[in-house]
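The values are calculated or read from the model by the stated rules, or taken from the named source; none is laboratory data. Predicted model only: the values in this text are computed from it and were never measured. For neighbour counting, all protein chains shown are included, and Cβ atoms are generated from backbone atoms with ideal geometry for every residue, glycine included.
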Amino acid sequence: MKRIMIIGCGGAGKSTLARELGNILGLPLVHLDQAYWRPNWVERDKQEWEEIVTKLADQDRWIMDGNYGGTMDIRLQRADTVVFLDRSRWLCVYRVLLRLWQTGGRTRPDMAEGCEERFNLPFLQYVFFYNNTRRPGILKKLNRLSSKQSVFRLRTQREIDHFIAGLSWHEDGNS
């Protein structure tokens with residue numbers, strides 16, 4: 001595992017898992033939210049964003065967390081491992097609201113500088129409907145990946161913990 005892509009709904013735990021894997025595997029960590037957003041929630045234009053993602057994906061080693069459907073294919077072509085956190089809508093909504101309560105008015109460590117956590121109804125709606133609107137397309141993309149790519153679809157905390165434990169065990173030289 002040298003190029004790991006972590007995708008899933010907002011609130012699914014992508015950034016948390018990315019940090020844990022980074023600690024275990026020693027791979028460079030890329031939070032796509034940090035790369036995409038400019039201070040004060042200013043978006044990058046499409047061409048610039050595609051160039052940034054292409055440069056990031058062309059690196060030999062990385063863990064990238066984030067969806068960004070417009071550049072997903074670029075990352076999928078380079079990833080040797082894809083982790084899809086396929087969590088329940090209610091858990092994701094709860095976690096997004098909890099995150100807002102815990103970090104509201106401050107910038108999270110996995111977010112671009114100057115992008116303070118704030119309530120955003122369109123984002124909450126995106127999270128609520130993600131499993132209906134986004135998940136089917138993601139599953140189709142994952143089903144078309146090369147047999148040389150590993151795909152992990154993790155639905156529960158137990159599955160996530162088991163996945164992490166397996167990596168920890170392997171990295172300790174007990175394989």
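Values for this structure:
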{"read-out": "Residue among F84, F152 that is touching a Ser or Thr at 6+ places or on another chain (Cβ under 8 Å), under 28 Å from D58 (Cβ atoms) and of a type in the set (A, V, I, L, M, F, W, C)", "value": "F152"}
{"read-out": "The one condition in (1) within 25 Å of K140 (Cβ to Cβ); (2) more than 10 Å from the chain's Cα centre (by Cα) that N40 fails to fulfil", "value": "(1)"}
{"read-out": "Set L25, L56: member being in contact (Cβ under 8 Å) with a residue 12 or more places away in the chain and closer than 22 Å to F163 by Cβ", "value": "L25"}
{"read-out": "Residue check, Q157 at pLDDT 95 or above, over 14 Å from the mean Cα position of the chain (by Cα) and more than 14 Å from A12 (Cα to Cα)", "value": "no"}
{"read-out": "Residue within the stretch 98-111 that is acidic (D, E), within 28 Å of W37 (Cα to Cα) and in contact with a Pro (Cβ under 6 Å, 6 or more places away or on another chain) present", "value": "no"}
{"read-out": "Enumeration of residues in the stretch 1-25 that are under 8 Å from the mean Cα position of the chain (by Cα) and in a helix (DSSP H, G or I)", "value": "K14, S15, A18"}
{"read-out": "Residue in the stretch 84-94 that is out of contact with any His (no Cβ under 6 Å at 6 or more places or on another chain), among the small types (G, A, S) and farther than 17 Å from L32 by Cβ present", "value": "yes"}
{"read-out": "Filter result (in a loop (DSSP other than H, G, I, E, B), over 15 Å from the mean Cα position of the chain (by Cα), in contact (Cβ under 8 Å) with a residue 12 or more places away in the chain and farther than 15 Å from W37 by Cα) within the stretch 112-134", "value": "F119"}
{"read-out": "Residue satisfying all of: in the stretch 68-111; of a type in the set (S, T, N, Q) and assigned to a helix (DSSP H, G or I); nearest to the chain's Cα centre (by Cα) among these", "value": "T71"}
